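Working notes, beginning with the structure itself.
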Amino acid sequence: MLNIVFLDRTSLPANVNIPRPTFLHNWVEYDKTDHKQIIERAKDADIIITSKVPLDREILLQLPKLKFIAITATGMNNVDLNAAKDLGIEVKNVTDYSRESVAEHVIGMIFLLKRHLMNWYADQREGKWAESPQFCYFDYPIQNIRGLTLGIIGKGSIGKEVARLAEALGMKVIFAEHRYAMRVRSGYVAFNDVLKMADVVSLHCPLMPETENLINAETLALMKSTAILINTGRGGLIDEDALLHALENGKIGGAALDVLKQEPPRADNPLFVVAQRLPNLVLTPHIAWAAESAVETLVQKIHHNLESFVANAN
């Protein structure tokens, strides 16, 4: 019998049923697991299921029974992959389950900011339309999406899906080359040129040492003062202090973030606080991926990964 420990069950919606494996097993799950709780909870685990619980070399060395880590997401930053390989622990993530969900969220964010939908909604909740002398109530500029240039950083499946939807709306799409690339490949535009040209910049690259704080004071200064920045990738791609300064000083037109460096954010996170008063800063709580169909695909792929590991191990 294999012991399966799910360390952070609440990383998935509570109403989602996770299919149990067909092989003989014992299943234990916890809503969340702090770093100091990992060893005690997973000491007898043959299989760990987790989304974001950090599993570094020090932790893995103390889990001698562990054979498989099933990550319930695409990102694998929380696991020391080199340590896992050294210890003979297989690690498997889930890919290509939220492409449409994330892409649609990005398009929604573009409409939200470029057409000031949040502002119009807030005004009408205050009854301002009823006070208008005309049938229309004018207060904010409305910009067409068609004809805008969308700069995409990251040409994986999600970046390509965002491009497909944007082009259907009549946007011009350009993909950014790696920031420090020595040459620009066919189908790409130099990184700095993308920032200078784009009306919308959307981040879809992985978080690695070379992409950490990719969007910082220097790169934000290249963007148009009317441009908006969208991040549905990883919070660490953005220097949050630099972004806050750019927003408060009108250096860019707005930002929509589905991810932050620390999640959930502290109540005093400056971006979290400023979002309460800045109409051009929109935060959503890391849910761009979570359309119902995407979640269903995710849990089916988690189940498949568990079954495949055991089948291949026997």
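The values are calculated or read from the model by the stated rules, or taken from the named source; none is laboratory data. Owing to the predicted nature of the structure, the values given are computational and were not obtained by experimental measurement. Heads up, the Cβs are rebuilt from the backbone with ideal geometry, glycines too, and the neighbour counts pull from every protein chain shown.
Points to keep in mind about this one:
- Verdict on LEU150 being crowded, with 20+ Cβ neighbours inside 10 Å, modelled with pLDDT of 95 or more and in contact with a Lys or Arg (Cβ under 9 Å, 6 or more places away or on another chain): yes
- Residues (exposed (fewer than 12 other Cβ atoms within 10 Å of the Cβ) and basic (Lys, Arg)) located in the range 260-314: ARG266, ARG277
Per-residue answers, yes or no, for (1) among the acidic types (Asp, Glu); (2) in contact with a Leu (Cβ under 6 Å, 6 or more places away or on another chain):
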position: PRO64; (1), (2): no, no
position: PHE68; (1), (2): no, no
position: ASN78; (1), (2): no, no
position: LYS85; (1), (2): no, no
position: GLY88; (1), (2): no, no
position: ASN93; (1), (2): no, no
position: TYR97; (1), (2): no, yes
position: GLU100; (1), (2): yes, no
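- Cross-chain or 6+ apart pairs with Cβ under 7 Å, the range 156-174 first and under 16 Å from GLY187 (Cα atoms), then of a type outside the set (A, V, I, L, M, F, W, C) and part of a helix (DSSP H, G or I): SER157/ARG99; GLU161/ARG99; GLU161/GLU100; VAL173/GLU167
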